[in-house]
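Asks: This structure is in structure tokens; I'll ask about it shortly.
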Amino acid sequence: MANKKKSQRTEENLRNERRFMIGPRLSFAGAEAYKLLRTNIMFSFSDHNSTDGKVIGVTSSIPGEGKSMTMINLAYTFAESRKRVLLIEGDMRLPTMANRLRLRQAPGLSDLMVGLNDIGDAVQHFTTAKEGAEPVTIDIIVAGTIPPNPSELMGSARLDALLGVLRKTYDYIFLDQPPVTAVTDALITAPKTDGTIIVVRNNHASRGALADTMRQLRLVDAHILGFVYNGASDDSRKYYKKGYYKKGYYKKT
Ligand SMILES: Nc1ncnc2c1ncn2[C@@H]1O[C@H](COP(=O)(O)OP(=O)(O)OP(=O)(O)O)[C@@H](O)[C@H]1O
Ligand SMILES: [Mg+2]
């Protein structure tokens with residue numbers, strides 16, 4: 001019974017996401033907030049001379065702060081500006097991308113890293129369009145077959161090698177990750193990325209949890225690009241009605 005209720009809620013969430021929260025379905029204010037975030041991220045890398053693509057990770061203190069949602073929309077917003085964009089689902093414990101975007105569950109990242117598949121087999125395409133506008137396509141590698149040892153895989157040299165190859169093809173690679181206080185994955189991968197974004201959701205993590213997250217990220221020398229404030233409350237339906245989807249970006253100085 002509890003499971004049934006939970007799955008119904010999830011289905012409702014997914015429907016709401018597709019109707020109101022992904023790419024071209026975002027409100028004007030939401031789309032503008034993502035464009036501002038895009039500009040700030042691009043400027044953060046303006047002094048990088050290498051032509052290799054940039055890898056941007058995301059994390060948060062606790063589960064459910066909106067990381068995956070932020071990464072989908074950020075990838076969409078970069079792709080809209082004709083950048084070559086790849087979204088990688090680096091959360092191999094609780095993958096959601098395939099379900100959310102109606103993609104194949106596998107092959108994905110885990111299958112690539114253990115050598116079961118080639119990059120070409122694992123990259124899927126999510127195409128979406130605003131009415132009357134050119135379609136926008138994001139390439140996506142979903143988590144894939146759930147492995148017994150996600151942290152080991154994320155820490156392995158195989159991920160570095162894979163990112164090295166992908167950097168030659170894409171301008172921006174967005175790496176979706178689990179929260180810091182749940183598992184170590186985001187701390188393990190932070191040094192492999194060019195920067196980390198921290199999503200903070202309204203009324204979710206405590207100050208203490210966020211401070212702890214920051215301390216742990218600093219310990220691994222993560223380059224913190226900034227914070228995304230996800231203004232959605234738990235009862236997000238009222239926000240859909242108002243078309244409220246506010247995000248702020250505060251660049252670390
Ligand atoms: N701005 C928003 N407005 C309304 N609902 C939102 C918003 N951001 C996230 N949500 C909802 O909150 C739930 C969690 O979002 P999401 O999966 O992106 O979080 P997450 O941080 O990736 O979670 P996890 O830690 O489990 O990976 C989803 O059901 C999503 O639809
Ligand atoms: Mg997620």
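The values are calculated or read from the model by the stated rules, or taken from the named source; none is laboratory data. Keep in mind the model is a prediction, meaning the values are calculated, not measured. Counting neighbours? That spans all protein chains shown, and the Cβs are built from the backbone with ideal geometry, glycine included. SASA here: full protein model, heavy atoms, side chains in, ligands and nucleic acids out. Shrake-Rupley method; radii C 1.70, N 1.55, O 1.52, S 1.80 Å.
Asks: For A122, what charge total do you get from the other residues with a beta carbon under 11 Å from its beta carbon, if Lys and Arg give +1 and Asp and Glu give -1?
Replies: -4
Asks: Here's a follow-up. Modelling each spin label as a point 7 Å along the Cα-to-Cβ direction, I'd like the L14/R93 distance in nm, to one decimal.
Replies: Result: 2.2 nm between the two label points.
Asks: Just to be sure I understand: of the beta bridges DSSP finds with both ends in segment 2-251, what percent are antiparallel, rounded to 5?
Replies: Percent antiparallel among DSSP bridges in segment 2-251 is about 30.
Asks: Go ahead and run the numbers for FRET between S206 and M42, Cβ-Cβ distance against an R0 of 35 Å, rounding to 0.05.
Replies: 0.60
Asks: Then there is this: Highest mean first, what order results for 53-60, 90-97 on Cβ atoms within 10 Å?
Replies: Highest to lowest by the protection proxy: 53-60, 90-97.
Asks: Simple spin-label model, 7 Å along Cα-to-Cβ: F28 to A161 in nm?
Replies: Using points 7 Å along Cα→Cβ, the separation is 5.1 nm.
Asks: Given segment 115-222, report the % of alpha carbon pairs whose separation exceeds 21 Å.
Replies: The share of Cα pairs beyond 21 Å in segment 115-222 comes to 48 percent.
Asks: If you don't mind, another one. Compute the accessible area per residue over the chain, keeping the other protein chains in place, probe 1.4 Å, unit Å².
Replies: 50
Asks: Rounded to the nearest 500 deg cm²/dmol, what is the calculated helix-only ellipticity per residue at 222 nm for the chain, with -39500 (n - 2.57) per DSSP H run of length n ≥ 4?
Replies: My calculation for the chain gives -11500 deg cm²/dmol from helical runs alone.
Asks: Rounded to whole Hz and in sequence order, give me ³J(HN,Hα) for segment 137-144 from the Karplus expression 6.51 cos²θ - 1.76 cosθ + 1.60, θ = phi - 60°, writing x for Gly and Pro.
Replies: Running phi through 6.51 cos²θ - 1.76 cosθ + 1.60 with θ = phi - 60° gives 10, 10, 7, 9, 10, 7, 4, x Hz.
Asks: Inverting the mean 1/r over all pairs of different Cα atoms, compute the Kirkwood radius of the chain and quote it in Å.
Replies: Its Kirkwood hydrodynamic radius stands at 18.4 Å.
Asks: Under 5 Å between amide H atoms, partner at least 5 residues away or on a different chain: which partners does I224 have, H built in plane at 1.01 Å?
Replies: Answer set, sorted by chain and number: T196.
Asks: With unit charges on the beta carbon (Lys/Arg positive, Asp/Glu negative), name the residue among V123, V183, G155 whose Cα is farthest towards the positive pole of the charge dipole of segment 112-190.
Replies: Projecting each Cα onto the dipole axis, the largest value belongs to G155.
Asks: Report the full-extension gain for the segment E152 to T137: residue separation times 0.36 nm, less the Cα-Cα distance, to one decimal in nm.
Replies: 2.3 nm
Asks: Assigning unit charges at the beta carbon (Lys, Arg +1; Asp, Glu -1) and nothing else, what dipole magnitude in debye, to the nearest 20, does the chain show about its Cα centre?
Replies: Dipole of the chain, to the nearest 20 debye: 1080 debye.
Asks: Please list, in chain and number order, the residues 5+ apart from F174 or on another chain whose amide H is under 5 Å from its amide H, with Hs placed from the backbone.
Replies: It is I56, L86, L87, I88, by chain and number.
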